[in-house]
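Contents: one structure, followed by commentary.
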Amino acid sequence: MTAPFIPATAHVRRFLKSSAGGASFLLLASLAGFVLANSPWAAGYRTLTTLPLKFPFLGKPGPDTVDAWVSDGLMTLFFLMVILEIKKEIVSGHLSSLRRVALPLIGALGGMVVPALTYLLVTWGHPEATSGWAIPVATDAAFTLPIILALGWRVSPGARAWLMALAIFDDVLGIVVIALFYGSALYWPALLAAILVTAALIGANRAGVRTLWAYGAGGVLLWTALPYSGLHPTLAGVITGLCLPARDARGAAPLDRVSSAVTPFVTWIVLPLFGFMNVGISVAGMKSDMMLKAVPLGIMLGLMVGKPVGVFGATVLSIRLKAATLPAGTSTGMLFGLSLLCGIGFTISLFVANLAFSGSDLMAPAKMGIFAGSVLSALIGWLWLRFMPQNANWPSKETDFPR
């Protein structure tokens, strides 16, 4: 009996709706950016990404180039999308208890301390490199999420929620580090304005407001105020997402409506644009022996070694001390593979490098270390999770984790 004929368009539609479709598009866009940045058209690519795009009413702290609008503007929607998924898990999913929320937070803290110490140890005796200690501390959620989605069933839903929560905690903590150690002094009037807007959003939730425009307006005001306060504007996506109501007896909850509307836009437009703009790192003038210098080696080892050791070690320790519980359907092997992916540090790492080594000869080596460490972390983590034996991925019950 012959198999039924399936039109090619049906395969295309299925691919576009699958998690692998968005991940593949992001990968292609990222590769296009990298190739263009290292091609005869590099000048044109750089002109495009740094094209001035300034709105006077946003003032000096607002985005002023195309790539800044993608990183500081559109990526706010990415953080909104991710925090909505995490909130769903907190309300009625794999993060629905305090101990399960504690697990990614503890992992994020371990994943910041150990990479920083690794970098400082490698760069010991090089005082000019000390200011780069925070470069390997953050996980790039924008590149980590598509990889685990592309892995499909090989990553359990609980483990996926854990990693996304960890990446969000990681990015928020990274932004706090930038504000405390690299940013300008906090501007309290703007910070107070941001706090008042946040309070209004929380009040709207408590009052039962279900109108989306109210939360949208609050999110825009918050995004406008945060850069003036000295904090990163993408925090507006996190705060707004947390304030959106997750339940509504009269129909679809605001959280679900926003998630359904935002997710396709982020998957097919925001993330590919982000990859195209941020992976376009020129390797002109860089030599392989540069990787043995203190700064790139410290960054690379911080991402590839310090990050997984910190995340995995802190997570395992917290479980053994019964401070947190492991997500259902997650083994130690899967947890270790996801910890390897935490070494993908593009966005915040590049941002910190620009602050730490602005105008310095260490900038190019730092970017080389970020690129090499992030790519190798992604490759090794993907290979581990892709080819690890299935029975090592799916324990029969949560208590299979060694106590």
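The table below lists the values:
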read-out	value
Pairs where the first residue, in the range 343-365, is not small (Gly, Ala, Ser) and the second is not in a helix (DSSP H, G or I), C-beta under 6 Å, 6+ apart	Ile344/Asp140; Phe346/Asp140; Thr347/Asp140; Ile348/Ala138; Val352/Ala134; Val352/Ile135; Met363/Phe357; Pro365/Lys293
Residue selected from the range 121-153 under the condition in a helix (DSSP H, G or I), modelled with pLDDT of 85 or more and open to solvent by 10 Å² or more (accessible area, probe 1.4 Å), by the criterion nearest to Leu273 (Cα to Cα)	Ile147
Residue within the range 137-144 that is closer than 21 Å to Lys307 by Cα and of a type in the set (S, T, N, Q) present	yes
Which numbered condition Ser71 fails, given (1) part of a helix (DSSP H, G or I); (2) open to solvent by 70 Å² or more (accessible area, probe 1.4 Å)	(2)
Answer from Leu273, Leu326 - the residue that is aliphatic (A, V, I, L, M) and either in a helix (DSSP H, G or I) or at positive phi (or both)	Leu273
Counted residues, the range 28-68 - those being outside any loop (DSSP other than H, G, I, E, B) and either more than 21 Å from Thr267 (Cβ to Cβ) or touching an Asp or Glu at 6+ places or on another chain (Cβ under 8 Å) (or both)	17
Total residues in the range 376-403, condition modelled with pLDDT of 85 or more and buried (at least 17 other Cβ atoms within 10 Å of the Cβ)	6
Some residue of the range 91-112 being basic (Lys, Arg), at pLDDT 85 or above, surrounded by fewer than 18 Cβ atoms within 10 Å (Cβ to Cβ) and in a helix (DSSP H, G or I)	no
Residues of the range 284-323 classified as open to solvent by 30 Å² or more (accessible area, probe 1.4 Å), in a helix (DSSP H, G or I) and farther than 24 Å from Pro127 by Cβ, total	7
Residue count for the range 22-62, restricted to those that are open to solvent by less than 60 Å² (accessible area, probe 1.4 Å) and in contact (Cβ under 8 Å) with a residue 24 or more places away in the chain	18
Scan of the range 184-238 for residues that are under 23 Å from the mean Cα position of the chain (by Cα), in a helix (DSSP H, G or I) and of a type in the set (S, T, N, Q), ordered by number	Thr198, Thr224, Ser229
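The values are calculated or read from the model by the stated rules, or taken from the named source; none is laboratory data. Note that the structure is predicted; figures quoted are calculated from it, not measured. Note that we place each Cβ from the backbone using ideal geometry, even for glycine, and neighbour counts take in every protein chain shown. Just the protein is used for accessible areas: all its heavy atoms, side chains included, with ligands, DNA and RNA removed. Shrake-Rupley method; radii C 1.70, N 1.55, O 1.52, S 1.80 Å.
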